[in-house]
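The structure under discussion appears below in the form of structure tokens.
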Amino acid sequence: MNIRSVLVANRGEIAVRIIRAAKALGLRTVQVYSDADASSLAVKLADEAVNIGKPAAAKSYLNVEAIIAAAKSAGVDAVHPGYGFLAENADFADAVEAAGMVFIGPGGGAIRLLGDKVRAREIAMASGVPTVPGSNGRVSTMSEAAEVLERTGFPVMIKAAAGGGGRGIRIARGPAEFERLFPQASAEAQAAFGDGGLYIEAFVANARHVEVQILGDGEDVIHCFERECSLQRRRQKVWEEARAVAIPNDLRITLCNSAVALGKRVGYRGAGTVEYLYDEARQEVYFIEVNTRIQVEHPVTEMVTGIDLVQEMIRIAGGEKLSITQADVAVTGHAIECRINAEDPARDFMPFPGQVGSLKVPEGEGIRFDTMLYEGYQIPPFYDSLLGKLIVWGKDRPAALARLREALAGLEIGGLPTTVPLHQALVNDPDVVAGHTSTTFLEHWLEIRFTQSTKASQEVA
Amino acid sequence: MSKLEIRSPLPGTFYRRPKPDAPEYKTDGDSVAPSDTIGLVEVMKTFHEVSAGVSGKAIRFLVEDSDAVMAGQAIAEVEQ
């Protein structure tokens, strides 16, 4: 491999995760940090650390010039972008390469291509990936929209071509609402993404979110099976599983194979995820988007396949071929990940960046906690609220749920409210245990079951 | 003449305007009522309005727009 050192252009738990993977490969690690992250775990663990600016992300973790300058001064061979921040910024990937270093990811061309949701949908269709009924490409006028709406019916989603990750989406339930929202959505997309382009897709109600992990070396592409991330709040995933909970086997195969076909079509290099909706009532899967980064929920795939995805993506970036073939990828058991956030579930998930008091982390077979926490750590308020991810493995889903109950009971983060109580309630909920969920399940559940039960317990207290 | 302090309920980044291109909620010397919004605190990528909580005839800000603030830090004072 022609990479001997790597700069981590991220923070938080994923920075720690990347440093561990790089160290396991014997690489020198350099961590960039903002003024607010000088005492972060990633800075402590890395061989070297370079300050890149003020706490605001725009002045540090999103500052391309500062990160490139840090990478040059540290003399690294490669840059790992993690997720979020600049991970799917094609210009950043290009800037890293232009500065003579390796970008650990699929490169600016593929990011640009797949990051444009309209073009990604076209590639998906050309690769035989099933797509939701909707527009073929961008829609710019109301008369173009009217033709599409005849085919889709209502409700429909108006999506920003440059959006993604749940951002820039509006739902119109009828023609009047559509006429009101369409120009609004375009103006908003222009302001948010610098691109007012829109496309239209039928809104699939009560769908499950299923996604396929792929790995490619530019020639060969393999899949590492699928994950399910149906439990979401405000379009943010809260709880993820591998494999998907309730999807017929023939559809799983279609899903995984179509993700590989898409990856091959673009000569994909690195780790990527092809996201789908699964309409359980109609037993259909539909393409949503491709994420050209390592994802937050990657550990559930690692737990069931034994593949270290972060190490694999570094090796591929270092010029190696895939170390495994499709036939080597096998699934054992079931894994579940809970996102532990610095938010108070009893107060409408109000974020609370406090100081960590005592910290007790569950240990044992089939339990993993990816985190940046340590005792006494002052959580900065400037970034997202993810503190860590509790991941468990069991020989089957009931065993994984049982282990999750134990692990949650053994996880104690003192000094601040976290989403641990939410997960404790979810892991004991009959619908969650039975796997009867969809992407709208959690918000409804919070309204009906969780909020009322926390209110009741507060009244008793 | 007594002065009351308005403290930030949360740690984060304090903003004096609802949006970068909007006018300030309040400028120095404005009168305030308890329910008046005087700014926003951005914490962990979410925005929370800060209301005055007190009434007074003139507000004076103690922090600049986009300054980092601590929970409990005085962000403005109000002349009664």
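No value in this document is a laboratory result; all are computed from the given coordinates. Remember, predicted model here, so these are calculated numbers, not experimental data. Every residue, glycine as well, gets a Cβ built from its backbone with ideal geometry; the counts of neighbours run over all protein chains shown.
Numbers for the structure displayed
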{"item": "Stretch in chain A that is longest and holds no GluC sites (Glu not before Pro) that DSSP places in a loop and that have at most 10 other beta carbons within 10 Å", "result": "A:1-362"}
{"item": "Distance violations [Cα-Cα > 26 Å] among B:19/B:45; A:54/B:45; A:23/B:45", "result": "A:23/B:45"}
{"item": "5 angstrom amide H check on residue A:49, placed H, neighbours 5+ away", "result": "A:31"}
{"item": "Segment A:133-202: relative contact order in percent, alpha carbon pairs under 8 Å with at least 6 residues between", "result": "43 percent"}
{"item": "Set of lysines near residue B:26 by C-alpha distance (under 18 Å), chain-local residues within fewer than 8 positions excluded", "result": "B:3, B:57"}
{"item": "Segment A:5-104: C-alpha gyration tensor shape, a/c 1.5 cut-off, then a/b vs b/c", "result": "rounded"}
{"item": "The protein assembly as shown: C-alpha gyration tensor shape, a/c 1.5 cut-off, then a/b vs b/c", "result": "rounded"}
{"item": "Point-charge dipole on Cβ atoms (K/R +1, D/E -1) for the protein assembly as shown, about Cα centre, debye to 20", "result": "240 debye"}
{"item": "Nonlocal amide H pairs with residue A:40, under 5 Å, H built at 1.01 Å", "result": "none"}
{"item": "Calculated FRET value between residue A:331 and residue A:282, using beta carbons and R₀ = 30 Å, to 0.05", "result": "0.70"}
{"item": "Share, in percent, of DSSP beta bridges within the protein assembly as shown that are antiparallel, nearest 5", "result": "85 percent"}
{"item": "Number of partner chain Cβ atoms within 10 Å, mean per residue of B:34-44", "result": "3"}
{"item": "Relative contact order (%) - chain A, alpha-carbon pairs under 8 angstrom, separation at least six", "result": "14 percent"}
{"item": "Segment A:188-249 shape via C-alpha gyration tensor axes, a/c threshold 1.5", "result": "oblate"}
{"item": "Label-point separation, residue A:141 to residue B:48 (7 Å along Cα→Cβ), nm", "result": "4.9 nm"}
{"item": "Charge context of residue B:59, other residues only, Cβ under 13 angstrom, K/R +1, D/E -1", "result": "-2"}
{"item": "Residues with amide H under 5 Å from that of residue A:288, placed H, sequence gap 5 or more", "result": "A:275, A:276, A:277"}
{"item": "Inter-label distance for residue A:151 and residue B:79, nm, one decimal - labels placed 7 Å from Cα along Cα-to-Cβ", "result": "6.7 nm"}
{"item": "Simple label model, 7 Å out from Cα along Cβ direction - residue A:443 to residue A:91, nm", "result": "3.2 nm"}
{"item": "Average beta carbon contacts from partner chains per residue of A:376-389, 10 Å cutoff", "result": "3"}
